[in-house]
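Let me begin by presenting the structure, written as structure tokens, before commenting on it.
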Amino acid sequence: MALDAENKVISIGKRTVGKGKPCFIVAEAGVNHNGSFELARELVDVAAGAGCDAIKFQTFKTERVCSPLAPKANYQLQTTEAEESQLEMIRRLELPFDAFRELHRYCRDRDVIFLSTPFDYESADFLDELFVPAFKIPSGELTNLPFLEFIAAKGRPLIVSTGMATMEEVAVAVEAIRCAGNKQMVLLHCVSNYPADPSSMNLRAMQALEEAFGVAIGLSDHTVGREVAYAAVALGACVIEKHFTLSKDLPGPDHRASLEPHDLIELVKGIRKIESALGDGIKEPVVEELNTAMVARRSLVAARFIPAGAVLTQDMVDILRPGTGLPPKMRSQLLGRYTRHDIEAGTILRLDMLA
């Protein structure tokens, strides 16, 4: 599929997101509020204070997501009570719609974009009524084509995670979204393990997604630490999504793979520093190099005393610092010319000294 420049930039609230724009940093609160509205508000404060563009939650009706017989993932067994079912765990982490209404208002007050991932039709309709500026599609719903089509048809931009997926599965999902009349999407590369091992991340897959589908790309990062997210930004990620928590020691499935508040602050600072370092790709000296160039580069210099009327020969011309005179590449143009007057040893040569 040919690259489509128009599809590489979308609008999420007041932010323009895509290629050539500042990275859109999503602080993934997820269910790290542990079912507590008060804790969720504190997470909003942390995300806003860190300078994140958005905070994202998860909105769901437990019984519409999970069968009573559904097992837990291995990472969930390691971080929650083994005798607790997945259904019971999810129900404990559910927030009511009214809580999200309040969080939506609070995010507006704190000047951070409110986002949430819907996991069922009723939740998607609710978020649509809140006028969320974009929908997040989680990796687990990528193959749920009826649900993808339902959300895509609402016409809002989509941020689509692709964890656990083959390129063929991504292609089917993208086609379903586009056939629903929605071309506004960012694809996030993702490894759906909590935490993910950096050696499994395969960040170059982001570029494969961009080339295949002609959309902006990013990373939903579940590794511990900040390094992988930084590398993704350097490789062109337009969106970085990263879990965060008030404390890794809190009970719950996602806390151990999450950044704590001070790390979230450093993540944002680091991403902005990397963006400033990437530049425009045009190779040229910058202003602060000019003084160094004068000192470190070399010029054509009289190697010894040269009397007036002498014919310049190579042994009369040295190449020494500073670089404020004629450049070394001009030496052949000077050889064989006559000196107009005496030239002292060490003098930086000029064209007006020669006939």
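The values are calculated or read from the model by the stated rules, or taken from the named source; none is laboratory data. Since this is a predicted model, take the numbers as computed values, not measurements. Virtual Cβ from ideal backbone geometry, glycine too; neighbours counted across all protein chains shown. With ligands, DNA and RNA removed, areas are computed over all heavy atoms of the protein, side chains included. Shrake-Rupley method; radii C 1.70, N 1.55, O 1.52, S 1.80 Å.
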- Give the residue that is surrounded by the fewest Cβ atoms within 10 Å (Cβ to Cβ), with candidates limited to residues of the stretch 158-180 that are part of a loop (DSSP other than H, G, I, E, B) and touching a helix residue (DSSP H, G or I) at 6+ places or on another chain (Cβ under 9 Å). Met164
- Looking at (1) within 17 Å of Thr245 (Cα to Cα); (2) surrounded by fewer than 16 Cβ atoms within 10 Å (Cβ to Cβ), find the lone condition where Gly30 falls short. (2)
- Qualifying position, being touching a helix residue (DSSP H, G or I) at 6+ places or on another chain (Cβ under 8 Å), open to solvent by less than 50 Å² (accessible area, probe 1.4 Å) and closer than 25 Å to Val160 by Cα, among Ala310, Ala302, Ala229, Ala234: Ala229
- Query: If you go through the stretch 125-157 one residue at a time, how many are small (Gly, Ala, Ser), more than 25 Å from Asp221 (Cβ to Cβ) and buried (at least 16 other Cβ atoms within 10 Å of the Cβ)?
  - Reply: 0
- Item | Hey, Ala124 small (Gly, Ala, Ser) and either assigned to a strand (DSSP E or B) or closer than 16 Å to Leu209 by Cα (or both) or not | no
- Message: So Arg64 ticks every box in (1) farther than 18 Å from His255 by Cβ; (2) out of contact with any helix residue (DSSP H, G or I) (no Cβ under 7 Å at 6 or more places or on another chain) but one. Which box is left unticked?
- Response: (2)
- Where Asn144 falls short, out of the listed (1) closer than 22 Å to Gly30 by Cβ; (2) under 20 Å from the mean Cα position of the chain (by Cα): (2)
- Query: With respect to Ile271, is the statement that it is open to solvent by less than 50 Å² (accessible area, probe 1.4 Å) and more than 46 Å from the chain's Cα centre (by Cα) true?
  - Reply: no
- Message: Give me the strands (runs of 3 or more DSSP E) completely within the stretch 182-299, filtered to those with at least 1 residues that are on the phi < 0 side of the Ramachandran plot, in contact (Cβ under 8 Å) with a residue 24 or more places away in the chain and basic (Lys, Arg), ordered by residue number.
- Response: 239-243
- Message: Just to check your reading of the model, which residue among Arg92, Arg110, Arg101, Arg105 is surrounded by fewer than 17 Cβ atoms within 10 Å (Cβ to Cβ), modelled with pLDDT of 95 or more and touching a Gly at 6+ places or on another chain (Cβ under 9 Å)?
- Response: Arg110
- Identify the residue in the stretch 313-344 that is β-branched (Val, Ile, Thr) and in contact with a strand residue (DSSP E or B) (Cβ under 9 Å, 6 or more places away or on another chain) and, among all such residues, is farthest from Ala302 (Cα to Cα). Thr324
- Query: Right, Lys183: charged (D, E, K, R) and either buried (at least 22 other Cβ atoms within 10 Å of the Cβ) or modelled with pLDDT under 95 (or both) or not?
  - Reply: no
- Task: Please tell me if Val224 is touching a Lys or Arg at 6+ places or on another chain (Cβ under 9 Å), open to solvent by 10 Å² or more (accessible area, probe 1.4 Å) and under 17 Å from Ala196 (Cα atoms).
- Result: yes
- the stretch 15-71, residues that are at pLDDT below 95, over 18 Å from Leu95 (Cα atoms) and of a type in the set (Gly, Ala, Ser): Gly20, Ser67, Ala70
- Message: Of the residues Pro195, Pro157, only one is modelled with pLDDT under 95, under 30 Å from Pro261 (Cα atoms) and not acidic (Asp, Glu); which?
- Response: Pro195
